[in-house]
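Read through the structure below, which is laid out as structure tokens, and then see the notes.
A short reminder: the numbers here are calculations on the coordinates, not readings from a lab. It should be emphasised that the depicted structure is a prediction, and the values quoted were computed from it without experimental measurement. Glycine also receives a Cβ, built like all others from the backbone with ideal geometry; neighbour counts cover every protein chain displayed.
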Amino acid sequence: MSMKGKAYIVGAYEHPLRKAPDKSVAQLHAEVAKGAIEDAGLTKDDIDGYFCAGDAPGANAFSMANYMNLKLRHFDTTDCGGSSYLVHVGHAAAAIAAGKCNVALITLAGRPNSEGSSGTQVRERGAYLPDAPYEIPYGPVTVNLYAMVAMRHMYEYGTTSEQLAWVKVAASHHAQHNPNAMLKNVVTVEEVLNSPMISDPLHRLDCCVVSDGGGALIVARPEIAQQLKRPKVKIIGVGEALKHQMGGKIDLSYSGARWSGKRAFEEAGVKPSDMKYASIYDSFTITVIMQLEDLGFCKKGEGGKFVSDGNLISGTGKLPFNTDGGGLCNNHPANRGGMTKVIEAVRQLRGEAHPKVQVKNCDLALAHGTGGSLGHRHGSSTVIMERE
Amino acid sequence: MRDTAMNPGDQEYFDAAAAGKLMLGKCGGCGEHHHYPRALCPFCFSDKVQLAPAKGTGEIYSYSVSRRAGPVVYCIAYVKLDEGVTMLTNIVDCDLDTVKIGQKVRVTFKKTEGGVAMPVFTPA
């Protein structure tokens, strides 16, 4: 069954804080839930479906459903890292289409900034992981795994550090207009290249911020969306994919976006060139280049050329991206950037982005997430939306 | 190198590493090599898998010199072994600024802090 038109995003809310030392993770989840519910013009009692991921205390729905005292007919705690919330949008649409719930709440929150989290720490992600004994001693961290993808991309396609830097430059042009952004200064390619090298070839400014806070979405049945007095954001295509190491036949040259994007575009019946705006997961500059290729905005290997010379900058470039400043400059709460990708796409479709970055007649938009690591195992999720 | 917990079934690989041998999963059903070692073949799902010695040679598929992840600069890498399987590892015992994709490497072994031998690679 196609998901096209089966559900609408009726509420979207991003927590204004980027450092929240005095709020618990549960409080942040509840605050963003409230913000999204109020944005939708609904009440907490309207929620009958709840979606959360590994950032929710307990890594399941028990704690937050309890904290918020939700009465649920449907819940789903699919976790694929930062892309979880885009998968949740797709799963919410499917649940609504199947009649399993009417109003779905999706929340994300965390405090890695206050807790001193860094992309250069080895993270043991849970008990009994079969790959851990064969990986952990080698010191895999978030940054160096993405860095290996960048190194390979440079080797196979001639992508340059300057091209990577353009992704950050574009995001910074947008972030300057966002009062809540963590990094508000416009940067140049030179400044990116002069920032400290973290793991070859990724400099500090090739890496996203570490921020507290979070966000939430409300996905609802069409009949409920029609009643609300907000511009309507219709879900027209969703896709998800999981890419891993394939028994040892590793290929770092592409991501799961190749599959999730294809599925979403087919369902929506539109093409990449139809998109007026794209939120592209920006954990690192290389992540963006990889996804733009895999989603079909440009040919494989030409992502570096595509992002150069400000092509991602709203108003002047061909594909306005991450107009809130993205994870690279604004917010990457709980080290999971997928929620904020959807939120900015919703703002753009509603005409509620900052006037300096608002795309004219933004009626078709895409949001994409890459969660986990391009360097070993990741989830990819694509959501295509239309303003109605 | 840091230590981590083993699972049942891992010991044979690391006992071989302690004896200076790099092993690869090999399937008695479909004949494919695989890595990481699995109890069921990741290609045909047969349970007729065992560890077989690898030649220990390969080339660098990708790498990154980690300059700010801890006190010591180190090089994480993926090495594509001659058997056609790619494994995560470190490049050691060379000037890390000379490491290149495509470089031919051979296996050697270094111990974790807890004394577990790990296959690592050095220029051949």
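Around the amide H of B:Tyr74, modelled in the peptide plane, lie the amide H atoms of B:Ser66, all under 5 Å away and 5 or more residues distant in sequence or on another chain.
I'd like to know which of B:Thr89, B:Ala54, B:Tyr74 lies farthest towards the positive end of the charge dipole of segment B:27-124, counting +1 on Cβ of Lys and Arg and -1 on Cβ of Asp and Glu. Value computed over the given set: B:Tyr74. With charges set only on the Cβ (+1 for Lys and Arg, -1 for Asp and Glu), what does the dipole of the protein assembly as shown come to about its Cα centre, in debye to the nearest 20? The calculation lands at about 680 debye.
Can you give the angle from 0 to 90° between the axis of helix A:338-350 and the longest principal axis of chain A, with both taken from C-alpha atoms, to the nearest 10? That helix lies at roughly 70 degrees to the long axis. Applying the Karplus relation 6.51 cos²θ - 1.76 cosθ + 1.60 with θ = phi - 60° to segment A:118-124 yields 3J(HN,Hα) values of 8, x, 10, 9, 6, 10, 7 Hz, where x marks Gly and Pro.
Answer rounded, prolate or oblate for chain A, using the Cα gyration tensor with square roots of eigenvalues a ≥ b ≥ c: rounded when a/c is under 1.5, else prolate when a/b is larger than b/c, else oblate. In terms of gyration-tensor shape, rounded.
Counting every other Cβ atom within 10 Å of each residue's Cβ, A:Ile280, A:Ile106, A:Ile96 order from fewest to most as A:Ile96, A:Ile280, A:Ile106. Only Lys, Arg, Asp and Glu carry charge here, each on its Cβ (+1 for the first two, -1 for the last two); on that basis segment A:85-192 has a dipole of about 420 debye about its Cα centre. Evaluating 6.51 cos²θ - 1.76 cosθ + 1.60 at θ = phi - 60° for every residue in segment A:72-78, the Karplus couplings come out as 10, 9, 8, 8, 7, 10, 4 Hz, glycine and proline recorded as x.
About its Cα centre, how strong a charge dipole does segment A:12-91 have in debye, to the nearest 20, once Lys and Arg get +1 and Asp and Glu get -1 at the Cβ? Kindly include the intermediate steps, with their values, before the conclusion.
Details: 7 positive and 11 negative charges, 33 e Å.
Taking the Cα centre of segment A:12-91 as origin, the dipole is about 160 debye.
Listing A:Leu202, A:Leu17, A:Leu72 from fewest to most neighbouring C-beta atoms within 10 Å gives A:Leu72, A:Leu17, A:Leu202. In order along segment A:162-179, phi translates into HN-Hα couplings of 4, 5, 4, 4, 4, 5, 5, 4, 4, 4, 5, 4, 7, 5, 4, 9, 9, x Hz, rounded to whole numbers, per the Karplus curve 6.51 cos²θ - 1.76 cosθ + 1.60 with θ = phi - 60° and x for Gly and Pro. Report, in whole Å, the centroid distance computed from the Cα atoms of segment A:151-225 and segment B:67-124. For segment A:151-225 versus segment B:67-124, the Cα centre distance is 30 Å. Panel order for B:Asp10, A:Asp22, by other beta carbons found within 10 Å of each beta carbon, from fewest to most: A:Asp22, B:Asp10.
Taking amide H as placed 1.01 Å from N in the peptide plane, the amide H of A:Gly315 sits under 5 Å from none that are at least 5 places away or on another chain.
Considering the dipole of chain A built from charges on the beta carbon (Lys and Arg +1, Asp and Glu -1) around the Cα centre, which of A:Val342, A:Asn331, A:Ser161 is farthest to its positive end? Value: A:Val342.
Mind running the shape call on segment B:57-123? Use the C-alpha gyration tensor, a ≥ b ≥ c as the square roots of the eigenvalues: rounded below 1.5 for a/c, prolate if a/b tops b/c, oblate otherwise.
Since a/c reaches 1.5 but b/c is at least a/b, the shape of segment B:57-123 is classed as oblate.
In the structure shown, do any of A:Lys100/A:Lys341; A:Lys4/A:Lys249; A:Lys6/A:Lys318; A:Lys168/A:Lys276; B:Lys21/B:Lys111; A:Lys249/B:Lys48 have a Cα-Cα gap over 24 Å, and if so which? Result: A:Lys100/A:Lys341; A:Lys4/A:Lys249; A:Lys6/A:Lys318 exceed 24 Å.
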